[in-house]
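The values are calculated or read from the model by the stated rules, or taken from the named source; none is laboratory data. Note that the structure is predicted; figures quoted are calculated from it, not measured. Every residue, glycine as well, gets a Cβ built from its backbone with ideal geometry; the counts of neighbours run over all protein chains shown. Ligands, DNA and RNA are excluded from the accessible area calculation, which covers all protein heavy atoms including side chains. Shrake-Rupley method; radii C 1.70, N 1.55, O 1.52, S 1.80 Å.
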Amino acid sequence: MTTATECPQALACEPIRRAESVMGTVASFDIRPGPVPPGLVYLALAEARARLHRADAVFSLWKTQSPMSRLRRGEIRLEDAPVELSEVLRQCEAARAASHGWFDPWAMPGGVDPTGLVKGWAAQQALDVLQLAGVPAAMVNAGGDVAVSGQPEPGRPWRIGVRDPWHAKRVIAVVSTSGAIATSGTYERGEHLLDPHTGRPSSPIASATVTGPDLGLADALATGVAAAGEAGLDWFGDLDGYEVLIVRHDGSRRRTPGFPSAA
Amino acid sequence: MTASGSKITDISIVKDGSDDGHSFQINSQAVPILQSESLSAQSAQIDGVSGATYTSAAYVQSLQSALDKLGIQ
């Protein structure tokens, strides 16, 4: 290693990369252990992975016996459900307000559906576990929603590409970030984004990418903007620390002035 | 794209004509290289990729998957 970071055990200072199959997608970890002993790093990684699987078990709507599924069917009350459920629904309320109602889990067919926030929230939790363990820099990428902490190398921020909606192997922008970045669009799964006001499919733009301090809110805002289209740009004047990049169906882009594009 | 030893040494830059954009592409011929060899993170100059949620199947073909393979050396 040639970095300035103290590195008493050479092996420990190499990046640790892991890919975890969870929540119907893959979560990627890139951990820069610095001087943290390997045993501690791997313990934290195990806990971070467990957080993702726990979120899947609690919130999955594919699992008919998950607490979220049971709550939707009225089989359990919120006060009897795991505590994360209340926390996530509280954050959903905040995201609904921030998105002027365009992210609205309560307007989804079949009952309340926090899916648009849960994956980002879970990845942020996983990153927080690594940070609490003292890991100086890490990235968690849950299926395209990315949370980072620290710097991968001294003096260099994390550089995250934004996928080209039409080419899986291309990026259309590179973002320098110290927080979170989430993207929403219909190009991967072909699913319909719904206009919560009408219940009808709505995909006025190809993709929306939101940066900001928290990945749960960024994830929800990206979902909201992808359904609202360019009107969503106007929300961000009131959202401290959050920025958005929109890709139109013709490939052109619009973004808020503070969107952190790297060179 | 060219591969030298275990490192990819060049990635073609594709100007796509959009307003503020520069796009780089790891072209289709390079896919087998990414799948069979490790590549330098410095060459790609990105640490991760944000995009709409991919399925586990689509992950295999993703740029993020290529970056993750850096860890297997």
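General observations
- B:Thr55, A:Thr211, reordered so the largest accessible area comes first (probe 1.4 Å): B:Thr55, A:Thr211
- Sequence-distant residues sharing a close amide H with A:Ala142 (under 5 Å, placed H): A:Ser28, A:Ala147
- Under Karplus coefficients 6.51, -1.76 and 1.60, residue-wise ³J(HN,Hα) of region A:165-176 in Hz, glycine/proline x: x, 9, 9, 4, 9, 10, 10, 9, 7, 10, 10, 8
- Less than 5 angstrom separates the built amide H of A:Ile76 from those of A:Leu71, all sequence-distant by 5 or more or on a different chain.
- Euclidean distance of C-alpha centroids, region A:41-58 and region A:124-182, integer Å: 18 Å
- Using a probe of 1.4 Å, the accessible surface attributed to A:Thr64 totals some 90 Å² when neighbouring protein chains are kept in position.
- Exposure of A:His192 as accessible area (Å², to 10), given a probe of 1.4 Å and all protein chains: 140 Å²
- Residue by residue along A:14-24, Cβ atoms of other protein chains within 10 Å of the local Cβ number 3 on average.
- Derived scalar couplings ³J(HN,Hα) [region A:237-253; Karplus, 6.51 cos²θ - 1.76 cosθ + 1.60; whole Hz; x for Gly, Pro]: x, 9, 9, 5, x, 10, 9, 9, 10, 10, 10, 7, 4, 8, x, 6, 10
- Helix-derived mean residue ellipticity, 222 nm - over chain A, DSSP H n ≥ 4, -39500 (n - 2.57), to 500: -9500 deg cm²/dmol
- Normalised by the number of residues in region A:43-167, the mean separation of alpha-carbon contacts (under 8 Å, six or more apart) gives a relative contact order of 19 percent.
- With a 1.4 Å probe rolled over the protein heavy atoms of all chains, the accessible area of A:Leu221, A:Leu132 falls in the order A:Leu132, A:Leu221, largest first.
- Three-way shape label, region A:14-255, alpha-carbon gyration tensor, a/c 1.5: oblate
- Net charge of Cβ neighbours under 13 Å - reference A:Val41; Lys, Arg +1; Asp, Glu -1: +1
- Computed 3J(HN,Hα) for region B:45-53, one whole-Hz value per residue from the Karplus formula 6.51 cos²θ - 1.76 cosθ + 1.60 where θ = phi - 60°, is 6, 10, 9, x, 9, 9, x, 4, 4, glycine and proline marked x.
- All other residues whose Cβ lies under 15 angstrom from that of A:Val26 are scored, Lys and Arg at +1 and Asp and Glu at -1, for a net of +1.
- Largest-first ordering by accessible area, 1.4 Å probe, given options A:Asp250, A:Asp240, A:Asp164: A:Asp240, A:Asp250, A:Asp164
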